[in-house]
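Some notes on the structure that comes next.
The values are calculated or read from the model by the stated rules, or taken from the named source; none is laboratory data. For clarity, every value in this text was computed on a predicted model and none was experimentally measured. Neighbour counts are summed over all protein chains in view; Cβ atoms, including those assigned to glycine, are modelled from backbone coordinates with ideal geometry. Calculation scope for accessible area: heavy atoms of the full protein, side chains included, ligands and nucleic acids excluded. Shrake-Rupley method; radii C 1.70, N 1.55, O 1.52, S 1.80 Å.
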Amino acid sequence: MDISVIIPAYNEAESLPELSAWIARVMQEGGFSYEVLFVDDGSTDGTWDAVQALAADDPHVHGLRFRRNYGKSAALYCGFERAQGEVVFTMDADLQDSPDELPAMYRMITEEGYDLVSGWKQKRKDNALTKNLPSKLYNATARCITGIKLHDMNCGLKAYRNEVVKNIEVYGEMHRYIPYLAKNAGYTKIGEKPVQHARRKYGKSKFGMSRFVNGFLDLQTLSFLTRFGKDPMHFFGYSGLLMFFVGFVMTVWIIVDKLVRQAHGLKFRAVTDQPLFYLALVAVILGVILFLAGFIGEMVARSSADRNHYNISDEL
């Protein structure tokens, strides 16, 4: 099979028939063998009824229904598990992503050797204040932290080599950072393609301003786990030792200073009367706590089931 198209849908009943017909036309014109998997993410409207009707009329269409809303990452994870196509596409169900982009992105994967191709909505049709500006700030931050030079990392329209989606785990809200997950799994040939972006035709957006704050926090989490997930002692241990050393030196300096002044008959303050002494004690205690946190984290990491999981690209 050439292509799998994974489409998470949450209360998008009105757009699905038009989207399915659009994909079918593009696939038939290109002569592709394909499948379309709609993942109903716990919709409360007629989304599942629409998926059932489409699947009954078209053998290329399949559906998966969650009992409740789990989020886009969960929908993609389950879709990736079931995808059989040589190239796997993801796209949103709201008709803002154009299926006409699929053939060109397919060729970038199969002919140009990319592992992943991300869409780039150069001319967004969203509100400039609530989406465009925050999106630019978010993507600039993501480029800085991940080192992946994509203009629109969170674009829903992406193409993947099948091997990529089988070797990454999407969870929580990490669907925003799939290129980073792929890079960390060893799939480093990541490209982008400018794509068309349309205004929402039906319903309303499911995302608010909070997603940008959440996205930034998720990025920090992912960056930390990537660097120190398997070696937590490298962060907590060094931090704890540094904190302990600073506190210990401050404590010794305060005590020695008091003894020297006392020996020379100079005016001095009791050690316990000095605020700096208590700050030094806090630093020592925090240092010990951080070091113990690193030690416990190291024990957890070493007992992890995937501690020796490695992606092997070739074997002779």
**OP:** Quote the accessible area belonging to ARG161 in square angstrom, nearest 10, computed with a 1.4 Å probe and with ligands, DNA and RNA left uncounted.
**Re:** 70
Subject >> Rounded to whole Hz, the Karplus (6.51, -1.76, 1.60) HN-Hα couplings of the stretch 64-70, x for glycine and proline >> reply: 9, 10, 7, 6, 8, 6, 9
Original post:
The list (1) 20.2, 72; (2) 18.9, 63; (3) 26.5, 98 gives values of Rg and Dmax of the Cα atoms in Å, and only one came from this structure; which label was calculated from it?
Top reply: (3)
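Between GLU29 and GLN84, what length in nm is gained on full extension when 0.36 nm per residue of separation is reduced by their alpha carbon distance? Kindly include the intermediate steps, with their values, before the conclusion.
Numbers: separation 55, 0.36 × 55 = 19.80 nm, distance 2.07 nm.
Difference between extended and current length: 17.7 nm.
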Subject >> Mean residue ellipticity (222 nm) of the chain, computed from DSSP H runs ≥ 4 via -39,500 (n - 2.57), nearest 500 >> reply: -15500 deg cm²/dmol
Original post:
Of all GluC sites (Glu not before Pro) in the stretch 79-187, which ones are in loop regions per DSSP and have a Cβ with at most 11 other Cβ atoms within 10 Å?
Top reply: GLU111, GLU112, GLU169
Subject >> Under 5 Å, built H, 5+ apart or other chain: amide partners of ALA13 >> reply: GLY46, THR47
Subject >> Charge dipole (the chain, unit charges on Cβ, about Cα centre) - positive-most of GLY63, TYR138, TYR180 >> reply: TYR138
**OP:** Work out from phi, with θ = phi - 60° and the Karplus expression 6.51 cos²θ - 1.76 cosθ + 1.60, the ³J(HN,Hα) of each residue of the stretch 185-201, listed in order in whole Hz, and give x for Gly and Pro.
**Re:** 8, x, 9, 9, 8, 10, x, 9, 9, x, 10, 6, 9, 10, 6, 4, 8
Subject >> Net charge of neighbours whose Cβ lies under 15 Å from the Cβ of THR272, counting Lys and Arg as +1 and Asp and Glu as -1 >> reply: 0
Subject >> Directionally averaged shadow of the stretch 224-281, computed from the convex hull of its alpha-carbon atoms, nm² >> reply: 4.5
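Could you list, in their original order, any pairs among LYS123/LYS149; LYS123/LYS193; LYS72/LYS166; LYS72/LYS149; LYS123/LYS158 whose Cα atoms are separated by more than 20 Å?
Details: LYS123/LYS149 18 Å; LYS123/LYS193 13 Å; LYS72/LYS166 17 Å; LYS72/LYS149 23 Å; LYS123/LYS158 17 Å.
As for pairs spanning more than 20 Å Cα to Cα, those are LYS72/LYS149.
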Original post:
Shape of the stretch 1-149 from its Cα gyration tensor (a ≥ b ≥ c, root eigenvalues): rounded if a/c is under 1.5, otherwise prolate when a/b > b/c, or oblate?
Top reply: oblate
Original post:
Treating the beta-carbon of each Lys and Arg as +1 and of each Asp and Glu as -1, no other charges, what is the dipole magnitude of the chain about its Cα centre, to the nearest 20 debye?
Top reply: 1760
Original post:
Considering the dipole of the chain built from charges on the beta carbon (Lys and Arg +1, Asp and Glu -1) around the Cα centre, which of ILE148, VAL252, VAL39 is farthest to its positive end?
Top reply: VAL252
Subject >> Amide H partners (placed H, <5 Å) of VAL61, local residues excluded >> reply: VAL36
Original post:
Using θ = phi - 60° and the Karplus curve 6.51 cos²θ - 1.76 cosθ + 1.60, what whole-Hz ³J(HN,Hα) does each residue of the stretch 162-172 get, with Gly and Pro shown as x?
Top reply: 3, 4, 5, 5, 7, 10, 10, 10, 9, 8, x
Original post:
Does the stretch 18-87 come out rounded, prolate or oblate by the C-alpha gyration tensor, with a ≥ b ≥ c the root eigenvalues, rounded set by a/c under 1.5 and, if not, prolate when a/b is larger than b/c and oblate if not?
Top reply: oblate
Subject >> Under 5 Å, built H, 5+ apart or other chain: amide partners of LYS193 >> reply: SER118, GLY119, TRP120
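Quick one: length gained pulling GLN196 to THR141 fully straight, 0.36 nm per residue minus the C-alpha distance? Before the final figure, lay out each step's value.
On the way: separation 55, 0.36 × 55 = 19.80 nm, distance 2.37 nm.
Result for the pair: 17.4 nm of gain on full extension.
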Subject >> Solvent exposure, largest accessible area first (probe 1.4 Å, DNA, RNA and ligands not counted), of CYS144, CYS155, CYS78 >> reply: CYS144, CYS78, CYS155
